[in-house]
1. Quick check on residue 351: is it under 30 Å from residue 54 (Cα atoms) and touching a residue at least 40 places away in the same chain (Cβ under 8 Å)?
2. Conditions first: (1) more than 25 Å from residue 629 (Cβ to Cβ); (2) in contact (Cβ under 8 Å) with a residue 60 or more places away in the chain; (3) within 15 Å of the ligand (Cβ to nearest atom). Residue 379 passes all but one, so which condition is the exception?
3. With respect to the numbered conditions (1) polar (S, T, N, Q); (2) surrounded by 20 or more Cβ atoms within 10 Å (Cβ to Cβ); (3) in contact with an Asp or Glu (Cβ under 9 Å, 6 or more places away or on another chain), which one is the sole condition not fulfilled by residue 683?
4. List the residue pairs whose Cβ atoms are under 6 Å apart, where the first residue sits in segment 513-526 and is buried (at least 17 other Cβ atoms within 10 Å of the Cβ), the second is among the polar types (S, T, N, Q) and in a helix (DSSP H, G or I), and the two are 6 or more positions apart or on different chains.
5. What's the number of the condition residue 63 fails, among (1) modelled with pLDDT under 95; (2) under 25 Å from residue 284 (Cα atoms)?
6. How many residues are in a loop (DSSP other than H, G, I, E, B) and more than 16 Å from the ligand (Cβ to nearest atom) if we restrict to segment 414-456?
7. What tally of residues in segment 689-726 results from selecting those that are in contact with a Pro (Cβ under 8 Å, 6 or more places away or on another chain) and not small (Gly, Ala, Ser)?
Amino acid sequence: MDPFENRGSFNKNKVSNIKQMSKRIFLLCRIILALIFCNSFYSNAQNIVIQTKDIALVYSITGTKKLEQLYLGKKLADASAYAGIKGKTTDAFPSGGSIYASEPAIQVIHSDGNPSLQLNYIDNKVVNQDTDTASTNIILRDPVYPFQVTLHFKTYYNDNVIETWTSIEHTEKQPVILERYASSAIRLNSDKYYLTHFYGDWASEMIKEETLLPEGLYSIQSRLGTRATNFDIPSFMLSLGNVAEENSGDVFAGTLAWSGNFNLQFDNIKREERDGSPLEIIPGINAYASNYSLAPNQVFTTPRFAFTYSFSGKGTASRNLHAWALNYGVWNGKQKRQTLLNNWESTYFDFTQDTLVNLFSGAKKLGVDLFLLDDGWFGNKYPRNNDRAGLGDWSENVKKLPDGIGYLVKQAEAKGIKFGIWVEPEMVNPKSELYEKHPEWVLKLPNRPEDLQRNQLILDLCNPQVQDYVYGILHKLMTDNPGIAYIKWDCNRFMSNAYSSYLGKNQSALYVNYTLGLYKVLDQFRKEFPSLEMMLCSGGGGRAEYGALKYFQEFWPSDNTDGLERIFIQWGYSYFFPAATQCNHVTLAGDESLKFKIDVAMTGKLGFDIPVNHMSENDINFCHKAIENYNRLQNTINYGSLYRLIAPYNNNSAALMYVSDDKKKAVLFAYNLFIKRGDAFSQLKPEGLDAAKKYVVKEINLEDENKLSFRESGKTFSGDFLMKTGIEWFVRGSLKSSVLEITEVE
Ligand code: DGJ
């Protein structure tokens, strides 16, 4: 007898027992997951229910196999009850060219020239799910042409956010032309819609406009190619019925994650056959000059449109988007951001290696984590001493930096700080070695003069060779200098006179392929350098959107750093972007006090761009203490919940606060704008605290410890008291500010 037989059979039994047990555990897990997700996804013969903690989006399938949106709104307790919803449904993804007479989400020309599309429901399935997210695909197909559209939905259960996008493919014999290819089509039902959106220009970003959506077609769009959000951003809020307030009203908030031309189309055409006055929101890539030729078997995937629906005002809508952004929408959303000193506004292009090393000492004195070297460090044949030359030639200027970047990294580290660097890798000055070598690598129209902006042209990222070049520049910079701990990626012009010699006759792919080319470079770079902190800068708010933030932890909201104006700019961004993503630098711009500027900048990710060497010891010490405060409160400010208490619009003051998830800590920022004698101030009522907790409220960032604005500083209050009775407005004088640290008393 095999001495091992018994042991073997014992082992076999044991193995089969273990297998059976694992099978059972696996089955049990599946049942638990299914139970959790019958909450986020439900489907029966007629209805497809996509839901988060509080929101439901429901589709129904008609007898003729049409997919229609049945419902979007508050989630019902019983998912089967949606079947009882009465009222007219609307086409879930209207296609143009045949019977649909309004704004289509998709329009194509088939390979035989037929300009119509019909989409019938084929199938739907949940493809991925975990404890917080679930993805649902709904497949639609043309009954005659082998042309298929998949509607994708990803729910973020706890954040109450749904992402929707579309993939398009076919197996026709020749390419199909996509004339319109929206990410989604979402219907809202109300009698009136108030649209809140933000517009602006360089240094005057995020001007708020809230308007009753007029009857007809209304669109917010960009045709700028690069730096696409220079004038308008692809994010908006819609109040239903009445103008929503911070804490009341129904609000739909959406944001398109795309770094190129976008179009937010609102179809508010009143038509008799439409039930009530539904509004169709059709967000997507702007089809302007962008007919896309889709080859057989190629899959075109549109950018994602993320939205939330709040039944308690704009505050909840923002907090939902912030939570989703930090958890999912932004690269390493919860990575700790480094405070920094930037040299741009203190030196511009005029520096040497010694000046910089000197500034490292300034950074250390301030107490920031990192020194960020800005524009002007490269170019030799054409030195980058101003913005007219050198862009594209990414080797250190030997006159300014004889010992190279490596030396600077070491010097910074020796002083106990990290080192970061500026790049603008998509651009080129005609006065550069790169342009001399590769004039065919830039976007420019044949037979037309070059159209320069800031003396520069755009590299053709549609061209894979150029993509490789741009990636290579970044890769080399990082591998030559592995100590680099931060990248500021700039983009200082938008597209004009754009033509890609690589694309030849297929110019209508330029805008889309450029953005895809940019993403390809970023994808590759991020795979190699996942934890590198990167700021997305575009001469200010030129790239304020979630398509690019999939690769960056943060963005530069504006070149305008005046403390007073920043209150408005940052307030605007706060509707859609969490504090951790907004880089706020304290500079010399504006007449406000250093304290006021710091108190404003601290509401996001804090940085400095000031000539530290010319500052008084007093001012340096003040900054140092404020940075210590910021370090202590950074988690609360960056990842806590934002409550906008008093809006600065048409007001003499403003206040906002952040509350940590466990409600143990909060930070409140209060500002006076311009005030006059006799002005009235409303009671300041903190929000988001725990009514049952006791809090000590302490004023911080004081210029003089003996001069408090908040006279009750140090006193203990209950959360209930603070939130119900509030505190009397305590900031005195124009352009004055105060910061309160609110801490639970255990
Ligand atoms: C524009 C940016 O917004 C500035 O902060 C600075 O980096 C310059 N570009 C450098 O050229």
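The values are calculated or read from the model by the stated rules, or taken from the named source; none is laboratory data. What you see is a predicted model; the values in this text were computed from it and never measured. Positions of Cβ are generated from backbone atoms using ideal geometry, with glycine treated the same way; all protein chains shown enter the neighbour counts.
1. no
2. Just one mismatch for residue 379, condition (2).
3. (2)
4. 517/467; 520/467; 521/467
5. Of (1) modelled with pLDDT under 95; (2) under 25 Å from residue 284 (Cα atoms), only one is false for residue 63: (2).
6. Number satisfying all stated conditions: 14.
7. Adding up the residues that qualify gives 2.
Every residue, every condition in (1) within 25 Å of residue 335 (Cα to Cα); (2) assigned to a loop (DSSP other than H, G, I, E, B); (3) away from the ligand (no atom under 16 Å from the Cβ), yes or no:
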| site | (1), (2), (3) |
| --- | --- |
| 487 | yes, no, no |
| 495 | no, yes, yes |
| 500 | no, yes, yes |
| 509 | no, no, yes |
| 521 | yes, no, yes |
| 530 | yes, yes, yes |
| 544 | yes, yes, no |
| 552 | yes, yes, no |
| 565 | no, no, no |
